[in-house]
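Read-outs throughout are calculated quantities, based only on the coordinates presented, and are distinct from any laboratory measurement. Since the model is a prediction, treat every value here as computed from it, not as a measurement. Every residue, glycine among them, receives a Cβ derived from its backbone with ideal geometry; neighbour counts consider all protein chains shown.
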Amino acid sequence: MTEEELFERAREVNFAYKRAVADVQVQIFDGDWDLTGYGDFPDACASGGYEFDLIRYTPEGWHLNESPEAIADRVAAWLSEHGWTDIKTRGYSGEIADVVVEAEHPGNYVESLVVDISPGDLYDHVALYATSTCEPGDWHVIAEMRRPGDAPKEQQPATEHPTAPLSFGFDADGKRRFWDESG
């Protein structure tokens with residue numbers, strides 16, 4: 001596989017993975033989510049290939065419209081209906097009121113999805129963590145190709161709606177590029 005083919009494959013994997021996660025986000029909150037890591041920088045994974053990670057948070061001031069358990073049950077049912085597997089829901093004992101839903105969707109390159117639903121005193125919070133499947137290829141090559149040369153610091157969005165067009169990589173000016181046209 002050439003470096004260009006590896007990069008194109010990584011883009012395809014990344015777009016499918018982020019689309020699948022975005023579909024879950026909309027089930028919880030159909031608005032702009034805070035981003036911590038956009039999810040398109042490759043990391044090395046155990047088998048010597050690459051994977052992607054992302055984190056999304058509901059915005060400060062957001063409130064649950066039902067109990068954490070009800071949201072977890074609704075999200076778990078939706079996941080099951082939409083091809084997700086290995087779905088687990090768990091709560092904690094004692095004073096911790098969080099409820100967590102875990103799932104995977106290898107067909108869409110999602111190795112691990114964790115949805116942490118947390119009620120709070122001032123506002124509620126949902127944190128969504130996702131890791132893609134480990135794919136064959138050199139993560140260094142993908143990382144270099146997604147950010148050419150001496151590009152300035154990447155201009156990641158601070159917030160984004162789950163249905164916003166997905167991108168992969170940056171141009172020489174640090175602006176997002178390689179938009180997903182299938183969305």
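In terms of other Cβ atoms within 10 Å, Phe52, Phe168, Phe7 run from fewest to most in the order Phe7, Phe168, Phe52. With contacts taken as Cα pairs under 8 Å at a separation of at least 6 residues, the chain carries a relative contact order of 27 percent.
Going from the fewest other Cβ atoms within 10 Å to the most, the residues Tyr50, Tyr57 appear in the order Tyr57, Tyr50.
Exposure proxy for Val141, Val26, Val21: other Cβ atoms within 10 Å of each Cβ, ordered fewest to most, give Val26, Val141, Val21.
If you put +1 on each Lys and Arg Cβ and -1 on each Asp and Glu Cβ, how big is the dipole of the chain around its Cα centre, in Debye rounded to 20? Here the chain has a charge dipole of around 160 debye.
May I ask you to derive the relative contact order of region 28-73, considering only C-alpha pairs under 8 Å and at least 6 residues apart, and to give it as an integer percent?
Numbers: 42 pairs, mean separation 17.4, N = 46.
It rounds to 38 percent for region 28-73.
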